[in-house]
1. Could we say that ASP46 is among the acidic types (Asp, Glu) and open to solvent by 40 Å² or more (accessible area, probe 1.4 Å) here?
2. Could you please give the count of residues in segment 37-55 that are part of a strand (DSSP E or B) and farther than 24 Å from HIS70 by Cα?
3. Kindly provide the set of residues from segment 59-73 that are touching a residue at least 24 places away in the same chain (Cβ under 8 Å) and touching a Lys or Arg at 6+ places or on another chain (Cβ under 9 Å), ordered by number.
4. Taking segment 73-127 only, how many residues are part of a loop (DSSP other than H, G, I, E, B), out of contact with any Gly (no Cβ under 7 Å at 6 or more places or on another chain) and not acidic (Asp, Glu)?
5. Return the residue satisfying two criteria in turn: it lies in segment 30-58 and is free of Cβ contacts under 8 Å to residues at least 24 places away in the same chain and more than 10 Å from the chain's Cα centre (by Cα), and of such residues it is nearest to GLN111 (Cα to Cα).
6. Considering SER58, SER15, which residue is part of a helix (DSSP H, G or I) and either open to solvent by less than 70 Å² (accessible area, probe 1.4 Å) or at pLDDT 90 or above (or both)?
Amino acid sequence: MRLLKLLLPLLALTSLFSCSSDTRTLSEVTFSDSLALVGGRPFTGDIITDDHSCQLRSEDGRIISLTLYHSDGTHALELLSPGDTLTCFDEAGTPIPLDSFVKHYETLATQMQQLTMLITGQSKGDSVQ
């Protein structure tokens, strides 16, 4: 009985820690059928690029958000799912139309395209940091 009293709190703590959100780098994640996988299993948590210019959020392997950042760390682009809500921002944080974003921030627009291709399986991701 005494062992059981000690074991129950340990099991509760283990369960709590195993349910916590996880963060992985893009190089640690593979994509199959548009699902983010780590160790062959659907991943729940945040995925960041090596240079921290992009963050993906995944639930059960499904990408539910994608955020690109300007070089100063401010939001450049947010894509939220479901609904595929896309919002682009200039470096001052002001929302701007997508065509203006592509015109003024070509490098970030290219990175967004590369990430989309990687997630959908159209690219190996060699040039995405």
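The values are calculated or read from the model by the stated rules, or taken from the named source; none is laboratory data. Note that the structure is a prediction, hence the values are computed from the model and not measured. Using ideal geometry, Cβ is built from the backbone for each residue, glycine included, and neighbour counts are taken over all protein chains shown. Ligands, DNA and RNA are stripped out before the accessible areas are found, and what is left, the full protein with its side chains, is counted by its heavy atoms. Shrake-Rupley method; radii C 1.70, N 1.55, O 1.52, S 1.80 Å.
1. Details: among the acidic types (Asp, Glu): yes; open to solvent by 40 Å² or more (accessible area, probe 1.4 Å): no.
Spelling it out, it is not the case that ASP46 is among the acidic types (Asp, Glu) and open to solvent by 40 Å² or more (accessible area, probe 1.4 Å).
2. 4
3. GLY61, ILE63, LEU66
4. Within segment 73-127, residues that are part of a loop (DSSP other than H, G, I, E, B), out of contact with any Gly (no Cβ under 7 Å at 6 or more places or on another chain) and not acidic (Asp, Glu) number 16.
5. By that ranking, first place goes to HIS52.
6. SER15
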